[in-house]
Amino acid sequence: GGESGGARHARPAWPRGIEGRWLVAREYRAAQEGGLDPVLAVMCATGHSRRWSLRLIAQARDAGFLTPRHARR
């Protein structure tokens, strides 16, 4: 791997804003398709707590990257 620009061993900072939400949604869907716990997958990917990950997932859903679990009231 002749990859330039940054060390691979350190966990990169999770991107903020829309890109981070898109990545959260991607992790979430991949876990669902694989029959895994999507929240746990997001936790592992982001390194955040379950509570924080749930907030990120909610933001990704609000941004339209994930389908709503239930109809909005």
| remark: Largest-first ranking of Ile57, Ile18 by accessible area, probe 1.4 Å, whole protein assembly kept, is Ile18, Ile57
| Can you list the HN-Hα couplings for the stretch 38-55, worked out from phi with the Karplus curve (6.51, -1.76, 1.60; θ = phi - 60°), rounded to whole Hz and with x for Gly and Pro? | x, 5, 5, 4, 5, 4, 5, 5, 8, x, 8, 6, 4, 4, 5, 5, 4, 5
| remark: A correct Karplus calculation of ³J(HN,Hα) over the stretch 30-36, with 6.51 cos²θ - 1.76 cosθ + 1.60, θ = phi - 60°, whole Hz and x for Gly and Pro, returns 4, 5, 4, 5, x, x, 9
| Net charge over other residues, Cβ less than 13 angstrom from the Cβ of Trp22 (K, R count +1; D, E count -1) | +2
| request: Figure the gain on full extension for Arg55 and Leu36 (residue separation times 0.36 nm, minus the Cα-Cα span) and round it to one decimal in nm. | output: 5.0 nm
| field | Length added when fully stretched, Ala63-Glu19, from 0.36 nm per residue minus Cα-Cα | value | 14.8 nm
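The values are calculated or read from the model by the stated rules, or taken from the named source; none is laboratory data. Keep in mind that this is a model prediction, so the values were computed, not measured. When we count neighbours, we look across all protein chains shown, and the Cβ atoms used for this are built from the backbone with ideal geometry, even at glycine. Note: areas computed on protein heavy atoms with side chains; ligands, DNA, RNA excluded. Shrake-Rupley method; radii C 1.70, N 1.55, O 1.52, S 1.80 Å.
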